[in-house]
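This report refers to the structure that appears directly beneath it.
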Amino acid sequence: MKKIRLFVVLLFVAAFAGFATAQDYTNYISCKVDGKEYKAEARRMRIPVSGFEYHAFASFQVSPDVQVWIRFYFRSGQLKPGTYEIIDENDFDSKAIRKAEENYVWAFVDYTEETKGLGHAYHDGESFKGTITVENITPTSIDGTFEATLRGVYYKKRAVATMTGSGIRGNLEKKMYEKAGGGMLVNAGAHDHDNTKKTDQTDTIVLSEGKFFIDWSKPEKEKPEKAGKDKSEKVE
């Protein structure tokens with residue numbers, strides 16, 4: 001019975017992946033990743049944070065999983081059209097303290113790519129440096145461009161998970177929920193990889209010619225709930 005369920009989930013994911021390649025998106029994030037074209041549907045996210053206002057967007061391509069995340073944290077009314085420096089996430093806490101009383105916008109770009117099937121390995125880009133330009137912003141939409149250099153890191157499946165096969169069904173179900181629009185129900189962030197560990201291997205990932213447009217004026221259809229996994233982050 002478990003094998004049948006696993007096979008059905010796999011078919012579901014494959015069907016959605018094929019559908020995604022055959023359509024264009026109204027809401028999207030696009031760029032070149034080390035020169036390779038990328039474009040996927042994007043959604044506005046809800047992230048539990050206090051002390052700041054924020055906009056957070058993520059694009060999801062499934063099988064293999066490739067995601068680009070864009071986040072802005074700011075004081076009330078401070079996010080306006082203009083160009084903002086991309087922040088090294090390792091410096092966020094200290095800069096947040098020093099700039100707490102200033103008119104400052106913290107901008108982040110992150111990337112993740114599944115390099116081995118069923119979530120066995122990932123190549124991620126952690127927010128490091130670059131710029132994001134907000135071309136237009138309204139109470140219900142935003143669009144702009146970005147150029148980002150990211151700190152490249154690698155994740156691999158933990159040995160125990162590989163030997164026992166644990167987590168394979170969970171990874172397939174995770175793909176299904178991501179593609180159905182419930183990415184933040186199963187992802188705490190771009191670098192949320194169950195049953196993996198970060199390796200010592202590092203490099204650099206360059207996102208160039210980046211563009212994004214997200215309009216959240218229309219209510220989204222109800223998202224699927226992830227059984228047995230309670231996360232506070234939600235898709236808006």
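Derivation of every value follows stated rules applied to the coordinates shown; laboratory data play no part. Every value quoted in this text rests on a predicted model; they were computed, and no experiment measured them.
Take the cross-link list Lys32/Lys197; Lys129/Lys211; Lys116/Lys218; Lys129/Lys218; Lys32/Lys218; Lys39/Lys218 and give me the ones stretching past 25 Å between alpha-carbons. Show your work: numbers first, answer last.
Details: Lys32/Lys197 27 Å; Lys129/Lys211 17 Å; Lys116/Lys218 36 Å; Lys129/Lys218 33 Å; Lys32/Lys218 29 Å; Lys39/Lys218 22 Å.
Those over the limit are Lys32/Lys197; Lys116/Lys218; Lys129/Lys218; Lys32/Lys218.
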Restricting to Cα pairs under 8 Å and 6 or more apart, the percent relative contact order of region 58-147 works out to 32 percent
